Amino acid sequence: MRSIVDLRSDTVTRPTPEMRAAMAQAAVGDDVYGEDPTVTALEQEVAELLGFEAALFVPTGSLGNQLGIRLLTPPGYEIVCDSLAHIARAELGAAAVFSGITFRTWKADRGRLDVDAIAELVAPDAGPYQVSTAAIAVENTHNFGGGTVQPDDQLEAVKKLARTHRLGLHLDGARLWNAAVATGRPLRELAAGFDTVSVCLSKGLGAPVGSVLAASRERVAEARIWRKRYGGGMRQVGILAEAGRYAIAHHLARLADDHARARRLAEELGADPETVATNIVVLDVADAAAVALKAAEQDVLVSALGPRFLRLVTHLDVDDGGLDQAIEVLRPLVA
Ligand SMILES: *Cc1c(COP(=O)(O)O)cnc(C)c1O
């Protein structure tokens with residue numbers, strides 16, 4: 001019997017039996033009182049990995065981002081990011097609704113950073129008639145850009161620009177793990193120079209839920225207040241934090257397998273493998289919705305994210321057999 005191969009997103013992974021066993025054993029306490037030892041351990045581990053003083057466990061990546069950018073951007077100020085950024089496109093206007101923040105965006109080819117475009121956009125001290133820029137947001141890897149790893153020279157140039165203009169710098173590192181594995185560089189190197197960094201445990205790492213926001217001790221203390229205010233204070237949540245700890249310990253290095261499978265998908269389906277840096281493959285097809293529908297009829301699920309934009313994401317629950325099945329189904333549909 002063929003099973004369903006779900007390439008819509010790396011969020012669809014289910015906890016493995018080993019992860020569930022670890023969760024069941026987790027020590028817990030009331031985390032709103034700061035008394036959940038497993039949450040505290042996760043926060044310390046992620047802070048250490050990312051090279052920050054402190055970190056905060058949050059239910060979703062969106063909340064991690066929203067807390068990060070609100071710490072850097074006062075109401076009535078703007079944050080700049082690229083036009084495909086998750087914070088601008090996929091968080092349902094949260095920055096405007098909750099924080100009084102507006103956006104301006106630059107266009108980025110495949111989500112790649114372009115310091116010249118950003119330099120043209122930022123207006124750090126715009127005076128009494130125009131919106132002043134308070135912060136810049138960067139996404140690494142870039143989701144809608146196709147799992148793009150941000151180029152080092154551009155990253156360094158953006159950090160310099162932010163320092164020059166005293167702008168805050170937020171990193172949406174939902175898939176920073178993938179960037180670290182793809183480049184072979186330590187996470188703390190990729191996170192260095194940012195003021196706030198959010199990472200997801202529930203994407204390729206395969207935890208059922210959870211993200212972490214890393215920052216200075218002072219900023220994390222402030223984020224803790226806002227997390228509670230938003231309704232994101234959680235109680236005996238060590239049971240979920242343990243899934244994240246397990247994922248970091250056991251599922252990080254294996255992201256390389258997802259990257260190799262994504263490359264193979266690209267090769268077999270006629271995309272340029274050079275554009276596949278991590279676990280996301282973008283295909284340009286005549287009718288993305290039609291391809292997704294026909295593939296689904298044959299148990300292969302993919303995302304149509306635009307009229308011609310088909311996204312395929314490899315992850316923990318797609319093995320070589322599943323990949324073969326996906327290729328067999330998709331090849332005639334995308335030809
Ligand atoms: C998934 C994702 C997030 C967080 O999404 P949630 O569904 O809120 O956990 C943030 N940024 C990027 C780039 C993502 O891909």
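ARG229 meets each of the listed conditions (1) surrounded by fewer than 24 Cβ atoms within 10 Å (Cβ to Cβ); (2) touching a residue at least 12 places away in the same chain (Cβ under 8 Å); (3) at negative phi apart from (2). Taken over segment 306-328, the criterion of being touching a helix residue (DSSP H, G or I) at 6+ places or on another chain (Cβ under 7 Å) and free of Cβ contacts under 8 Å to residues at least 60 places away in the same chain is satisfied by GLY306, PRO307, ARG308, PHE309, LEU310.
Output yes when any residue across segment 103-122 is at pLDDT 95 or above, under 18 Å from THR60 (Cα atoms) and surrounded by 14 or more Cβ atoms within 10 Å (Cβ to Cβ), and no when none is. There is no residue in segment 103-122 that is at pLDDT 95 or above, under 18 Å from THR60 (Cα atoms) and surrounded by 14 or more Cβ atoms within 10 Å (Cβ to Cβ).
Can you pull out the strands (runs of 3 or more DSSP E) entirely within segment 1-114 that have at least 2 residues that are farther than 29 Å from VAL181 by Cα, basic (Lys, Arg) and over 18 Å from the mean Cα position of the chain (by Cα)?
Values: elements: 54-58, 78-82, 102-106.
So the answer is none; nothing clears 2.
Cβ separations smaller than 9 Å between residues 6+ apart or across chains give the following pairs from segment 249-268 residues that are at negative phi to residues that are surrounded by fewer than 19 Cβ atoms within 10 Å (Cβ to Cβ) and among the basic types (Lys, Arg): GLU268/ARG331. Among the residues of segment 241-267, those that are among the charged types (D, E, K, R), within 16 Å of VAL313 (Cβ to Cβ) and touching a helix residue (DSSP H, G or I) at 6+ places or on another chain (Cβ under 6 Å) comprise ARG261, ARG263.
Of the residues ARG175, ARG163, ARG185, the single one that is within 29 Å of LEU312 (Cβ to Cβ), in the same structural domain as ALA54 (by TED's automatic domain parsing) and away from the ligand (no atom under 15 Å from the Cβ) is ARG185. The residue that is surrounded by the most Cβ atoms within 10 Å (Cβ to Cβ), among those in segment 198-212 that are within 11 Å of the ligand (Cβ to nearest atom) and of a type in the set (Val, Ile, Thr), is VAL199. The numbered conditions (1) touching a Lys or Arg at 6+ places or on another chain (Cβ under 8 Å); (2) within 16 Å of the ligand (Cβ to nearest atom); (3) among the hydroxyl-bearing types (Ser, Thr, Tyr) are all true for THR275 except (2).
The values are calculated or read from the model by the stated rules, or taken from the named source; none is laboratory data. Values in this document were obtained by computation on a predicted structure and should not be read as measured data. Neighbour counts are summed over all protein chains in view; Cβ atoms, including those assigned to glycine, are modelled from backbone coordinates with ideal geometry.
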